[in-house]
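Below is one structure, written out as structure tokens, with a few remarks after it.
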């Protein structure tokens, strides 16, 4: 279940700080997706205890394991390491994105279509306001 590279990969305390960045990012993403350690570990093909140690910085995360985790999370390596991009979102936007990622593909498409429709409505409404503004003379004539 665990690859030979990951066996006996405990880390000295001073190096743990760097590894904790990767591990804590995995934990954060896992929790955002409402995944348990056991669930993620089984999808990735590792022991739950090893995932726990990776999240706490005790074990190094091999690239092979990291890529398997990213596959489960449906994200690429750039998205994983560029957390600051995610910080640019408001709380509501982050929640929306998190909820959106939990949907089935068909449901994601339905949400996307609805958003396009709403944006189209807003743009069309703005165009109508700028093309035909209501002037005081028009209101007096109709009144």
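The values are calculated or read from the model by the stated rules, or taken from the named source; none is laboratory data. Remember, predicted model here, so these are calculated numbers, not experimental data. Cβ coordinates were reconstructed from backbone atoms using ideal geometry, including for glycine residues, and neighbour counts include every protein chain displayed.
Residues of segment 3-55 being assigned to a loop (DSSP other than H, G, I, E, B) and either at pLDDT 90 or above or surrounded by 20 or more Cβ atoms within 10 Å (Cβ to Cβ) (or both), which ones? Give the derivation first.
Going residue by residue through segment 3-55, those that are assigned to a loop (DSSP other than H, G, I, E, B) are 3-9, 11-12, 33-36, 45-47.
The answer is 33, 34, 35, 36, 45, 46, 47.
Contact list please: Cβ distance under 6 Å, first residue in segment 34-45 and free of Cβ contacts under 8 Å to residues at least 60 places away in the same chain, second residue in a helix (DSSP H, G or I) and exposed (fewer than 15 other Cβ atoms within 10 Å of the Cβ), pairs at least six apart or on different chains.
Matching pairs, first to second residue: 37/48; 38/48; 41/48.
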